[in-house]
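Trainee: Can you keep this structure in mind? I'll have questions shortly.
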Amino acid sequence: MDLANLVRDVPDFPVEGVLFKDITTLLRRPDAFREAVDALAARFADKRIDQVVAIESRGFVFGAPLAYKLGAGFVPVRKPGKLPAKTISREYSLEYGTNTLEMHVDAIDPGQRVLLVDDLLATGGSARAAVDLVERLGGVVVGAAFLIELEFLQGAKKLEGYDVFSLIRF
């Protein structure tokens with residue numbers, strides 16, 4: 001199945017000049033959603049993942065089923081003020097501004113093997129911030145999985161040295 005053809009382009013969202021890759025058109029198809037999750041899980045099945053760390057909010061869509069399929073725990077990385085217990089945070093730059101991500105201080109045990117998951121790799125700012133949070137807690141990032149990568153933004157450069165896998169590349 002050509003998953004790329006199921007992704008809808010939405011111009012000027014969330015700000016003018018950004019071409020947003022809308023995955024809801026892929027997610028609404030059970031066969032496409034299943035294929036995407038299965039392909040991402042297969043890529044990291046032999047990596048002995050302890051925790052899947054997913055970035056808010058569309059990363060949760062793929063992170064939770066991947067954690068289930070890989071027999072791993074699930075750790076949400078969220079925007080400030082969304083997690084109820086003590087957190088660590090990291091600010092980062094993105095295509096159209098800056099943002100901050102947070103993770104619970106007890107989310108990762110030292111030495112745990114972590115798979116980072118998000119729906120989209122663009123400039124790499126949020127992914128790099130999440131990697132930094134995991135490593136501050138002593139986790140070992142063994143891979144980063146994305147449904148989509150916008151290659152022209154070169155976000156993978158911010159993840160050099162890590163096993164980065166993107167199912168769809170634009």
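Trainee: Which value at 222 nm does the chain reach when only helices count, each DSSP H run of 4 or more adding -39,500 (n - 2.57), with the total divided by all residues and rounded to the nearest 500 deg cm²/dmol?
Mentor: Numbers: 4 runs with 44 residues, N = 170.
Helix-only estimate at 222 nm: -8000 deg cm²/dmol.
Trainee: Compute, for segment 1-144, the length of the dipole vector about the Cα centre, with Cβ point charges of +1 (Lys, Arg) and -1 (Asp, Glu) only. Units Debye, rounded to 20.
Mentor: Working: 18 positive and 20 negative charges, 74 e Å.
Dipole about the Cα centre, nearest 20: 360 debye.
Trainee: Quick check: Cα centre of segment 40-87 to Cα centre of segment 118-147, how many Å?
Mentor: Centre-to-centre distance over Cα atoms comes out at 11 Å.
Trainee: Highest mean first, what order results for 1-12, 101-112 on Cβ atoms within 10 Å?
Mentor: Details: 1-12: 12.8, 101-112: 17.6.
Top to bottom by mean Cβ count within 10 Å: 101-112, 1-12.
Trainee: Using per-residue counts of other Cβ atoms within 10 Å, averaged over each peptide, order 50-56, 120-126 from highest down.
Mentor: Packing order, densest peptide first, comes out as 50-56, 120-126.
Trainee: Mind giving me the nanometre distance, one decimal, between the label points for E151 and T100, set 7 Å out from Cα along Cα→Cβ?
Mentor: Taking the two extended label points, one gets 3.7 nm.
Trainee: Report the label-to-label distance for A4 and A85 in nanometres (one decimal), using points 7 Å from each Cα along the Cα→Cβ vector.
Mentor: About 4.2 nm, to one decimal.
Trainee: Moving on to the next point. Please give the contour-minus-distance gain from S57 to E160: 0.36 nm per residue of separation, less the Cα-Cα distance, rounded to one decimal in nm.
Mentor: Numbers: separation 103, 0.36 × 103 = 37.08 nm, distance 2.39 nm.
Length difference between fully extended and current span is 34.7 nm.
Trainee: Packing-wise, with mean Cβ within 10 Å as the measure, how do 159-168, 79-88 rank, highest first? Display every interim value, and only then the final one.
Mentor: On the way: 159-168: 15.8, 79-88: 12.2.
Taking the mean over residues of other Cβ atoms within 10 Å, the ranking is 159-168, 79-88.
Trainee: Also, quick follow-up: Is segment 77-170 rounded, prolate or oblate when judged by the Cα gyration tensor, a ≥ b ≥ c being the square roots of its eigenvalues, rounded requiring a/c under 1.5 and prolate requiring a/b larger than b/c?
Mentor: Numbers: a/c = 2.17, a/b = 1.36, b/c = 1.59.
It comes out oblate by the Cα gyration axes.
Trainee: Among DSSP bridges having both ends in segment 1-135, what percentage is antiparallel? Round to the nearest 5.
Mentor: Once the DSSP bridges in segment 1-135 are tallied, antiparallel ones form about 60 percent.
Trainee: At 0.36 nm per residue, minus the direct Cα-Cα distance, what do D12 and V140 gain on full extension? Give it in nm, one decimal, please.
Mentor: On the way: separation 128, 0.36 × 128 = 46.08 nm, distance 3.69 nm.
42.4 nm is the gain from fully extending D12 to V140.
Trainee: Would you check segment 47-169 for Lys pairs whose C-alpha atoms are within less than 23 Å, ignoring same-chain pairs closer than 8 in sequence, and give me the count? Please list the in-between numbers first.
Mentor: Details: K47/K69; K47/K157; K47/K158; K79/K158.
Lysine pair count for segment 47-169: 4.
No value in this document is a laboratory result; all are computed from the given coordinates. What you see is a predicted model; the values in this text were computed from it and never measured. Neighbour counts are summed over all protein chains in view; Cβ atoms, including those assigned to glycine, are modelled from backbone coordinates with ideal geometry.
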